[in-house]
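Here's the structure, in C-alpha cells; my notes come after.
Values quoted throughout were computed directly from the atomic coordinates according to the rules given, and no laboratory measurement underlies them. All values reported here derive from a predicted model rather than from experimental measurement. So basically every Cβ, Gly included, is an ideal-geometry build from the backbone, and we count neighbours across all protein chains shown.
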Amino acid sequence: MTITKIETITQAPGCPQPNLIFVIVHTADGLVGHGETYYAPNTVEAFIHEQSSHLLLGADESRIEYLWRLQFDLACRFGSRGAEIRAISAIDVALWDIAGQRAGVPIYQLLGGTTLEKLPVYNTCGGPSYGSGGPGRANRTPYVRSDSPDPRDDLWFAMYEAGVLAQDLLDDGFTAMKVWPFDPISQRVDGGRLISKSDLREGVRPLEQIRHAVGDGIEIMLEGHGYWQLAPAISIAKAVEEFQLAWLEDLTLARNVSELRRLRESTSTPVSASEFLMTRWDYLPVLEQRACDYIMIDPTWTGGITESKKIATMADGFGLPITMHDCTGPFTLLAGMHLLANAPNGMYQEVVRAFLRYRYSQWVDWLPDVSDGSLNLPERPGIGAVLDPGLGQRSGYTLRSSLFEPKR
C-alpha cells in the first residue's frame with residue numbers, strides 16, 4: 001500500500017513538552033503509524049513537509065530500508081546530523097508501527113522475536129516538567145531548594161533528599177536510578193573547565209545519602225549531560241569510584257572519541273556512550289577504539305528503529321551491551337522497548353517515572369507498568385500504543401499535513 005498523508009503535531013510553550021514533535025503516517029488502506037522526535041521541532045517539521053514528504057508520499061510504506069536510505073542520502077549531501085536525522089528517525093518509527101499492524105504482531109516480532117520477556121528498567125530522576133524548556137531555550141534545569149517540594153519531583157529529591165528518593169523508588173518497583181548531582185556545579189563553572197575539592201564533596205553527597213539509606217540495594221547511574229571538560233571529568237570519575245556505580249554517562253561530550261577513551265582508562269567505573277551520537281557512523285569509532293563499556297541508543301535521535309537495530313548488532317559484535325534512552329516521549333520509549341526486547345545484548349530501558357505517570361498518559365492509550373525492576377512488553381500489533389486522534393485540535397497543539405496528490 002502507498003503512503004497517502006504525513007502529519008506532524010507540534011506544541012507551543014506552556015504545553016507539556018514543547019521540544020517534542022509527533023509524526024503520523026497514513027496509508028491508502030487506513031493504517032496509521034506513529035513516531036516522534038525531540039529537539040528543534042519546528043525545524044524537523046519543515047524538513048518532513050518540505051523534503052521527506054516529496055520522497056515518501058505515494059511510496060510503498062513496506063520498503064522501510066529503502067525509504068530510510070532515500071531520505072538519508074539526500075540529507076548527507078548537505079550534512080546529515082541534527083534535524084534531518086531526527087525527522088528520518090520519527091518517520092522510520094511510524095513505518096515500523098505500520099509494518100507491525102499490517103503483520104498483526106508487535107514490532108519486536110518483526111525484528112526476530114524476544115530475547116527478553118521482561119525489560120530491566122531504571123528511573124531517570126527528573127520531575128514532571130523535566131526537559132520542557134521549549135524551542136530555543138537552554139535545556140538546563142534551575143536547581144533551587146524549596147521548603148515545600150512537589151512530591152512528584154524526583155529531581156528535587158535526587159538533589160536534596162536522595163536517600164528518601166532511593167527508598168521510594170525501591171518501594172515503587174525500581175531497582176536502579178540515574179542522577180546528576182554534578183550538573184548544578186557545572187553551571188557555576190563556565191564551560192565545565194575545573195572542579196574544586198569542595199565541589200567534589202558537594203557532588204558526591206547525594207550518592208552518600210543513597211548508599212546510607214539503602215546500601216547496595218539499588219543500582220546508581222551517574223549522568224553528566226556532557227557539561228565537563230576532560231580533566232574535571234576524570235576528577236569526578238575518581239571521586240565516585242567508592243560508590244560502585246553502574247556507569248558514568250556523558251561526563252564529557254562523546255564527539256571526541258580519544259577523549260572518551262582517556263576518561264574510560266582513568267577509572268574503574270564503567271562508561272556509557274551516548275545518546276548524543278547519531279547513526280552507526282558516529283558509533284563505529286567509539287566501538288573500534290574501545291572508548292566505552294555500554295552503548296546508549298536513542299531510537300528517535302539516531303535514525304529510528306532501522307538504524308538502532310544496526311547499532312545494537314554492531315555493539316554485540318564488539319561484546320558490548322546496549323541501553324535504550326528515553327527522556328522525551330512515549331514513542332521513543334516504546335521503540336526502545338521493542339529494540340531492547342529483541343537484542344541479545346540488551347541491558348536496560350530508561351524511563352522517567354514522572355513522565356509515565358503525569359505526561360505520556362496525556363497523549364497515548366497504553367504505557368508499560370514497572371514491577372520488580374522490569375517493564376512489561378507491549379502486546380498489541382505495531383508499536384503498542386495510539387496517539388489521541390484529537391490531539392492536534394487541543395489548545396496549544398498545531399497539526400500540519402502533507403497529502404499525496406496522484407498525477408493525472
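This structure gives volume of the Cα convex hull per residue in Å³, computed directly, and of (i) 134; (ii) 124; (iii) 283 that value is listed as (i). Once the Cα atoms are used to define both axes, helix 197-214 deviates from the longest principal axis of the chain by about 80 degrees. Compared with the dominant principal axis of the Cα atoms in the chain, helix 162-171 is inclined by about 50°.
Spatially, segment 1-51 and segment 230-244 are offset by 41 Å when compared through their Cα centroids. Highest average first, the peptides 357-368, 340-351, 322-333 ordered by how many other beta carbon atoms sit within 10 Å of their residues are 322-333, 340-351, 357-368. Peptides 298-311, 370-383 ranked from most to least packed give 298-311, 370-383, packing being the mean of other C-beta atoms within 10 angstrom over each peptide's residues. Helix 230-239 axis versus longest C-alpha principal axis of the chain: approximately 60°, rounded to the nearest ten.
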